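Presented below is the structure to which this report refers.
Derivation of every value follows stated rules applied to the coordinates shown; laboratory data play no part. If you're wondering where the values come from, they're calculated on a predicted model, not measured in any experiment. Glycine gets a Cβ as well: all are built from the backbone with ideal geometry, and neighbour counts include every protein chain shown.
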Amino acid sequence: MKNLALRILSTCMALLLMTGVTLAQQSRNQVQGNPSGNDQAQVQTQLQNQTQTMDQTQTRTMDQTQTRTMDQTRARTMDQTQTQLQNQTQAMDQTQTRTMDQNQTQLQSQTRTMNQTQTKDQTGSKEQIQAKEQNRVQDKNATMGQSQSLEQNRQRFRNSLTAEQIGILENKEMTQNQKKKAFKGSLNDEQKAMLRENNQLNQQQKNEFRHSTAAEEQNKQMMQYRGENSDNSAGGNGNGQR
């Protein structure tokens, strides 16, 4: 564009120069044909006017050419700036969209992992609860069986008591320590064996009762913990869907 403007300017200047030369030649011819003083003065004035007009025309042409060149340069610069701005805006939009997609993918992955972990924990807790419940039922059945054995053993022991031994237990004149000492001294080997077995069954029954009570309390706590986790999970999913 700049080269085109320079070529136009050069062409204009060449035309002006040719016009000036032609006018100068005409003036010279007039002077040679009519060499009077007034004619020479007029010719000189015409040459000065023509030269001044040429200068003004040349200056105006140069100004117009320069103005046109500046306008074209300014327009090209504005186009380039607008194109750069559009490219930057498009790049920013693409980056923002890609970042949002990545964040959404990460959130979905985290949610899926949390749901899988929670499902696994719930499955494990359910299996543990079922196993503990089975153990509790077995312990309860065993305790019931031991209670029956204990009751049968006690009945056998009562049936084995002699009249003398019953008299010792019912004697109101003796103290408890005296009764205990006299009763133990009157026991035979079979009765002593039944009494040891009775004491063992009684102690075993107490231990299993304590174990069953602790297991039930633990099951209650696990059920409560599971219920709280289910409520929290439902609330978290509800918030996420909002």
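From the list 58, 80, 104, 50, which one is touching a residue at least 40 places away in the same chain (Cβ under 8 Å) and in a helix (DSSP H, G or I)?
58
Which one of these is of a type in the set (Lys, Arg), under 50 Å from the mean Cα position of the chain (by Cα) and surrounded by 13 or more Cβ atoms within 10 Å (Cβ to Cβ): 132, 181?
132
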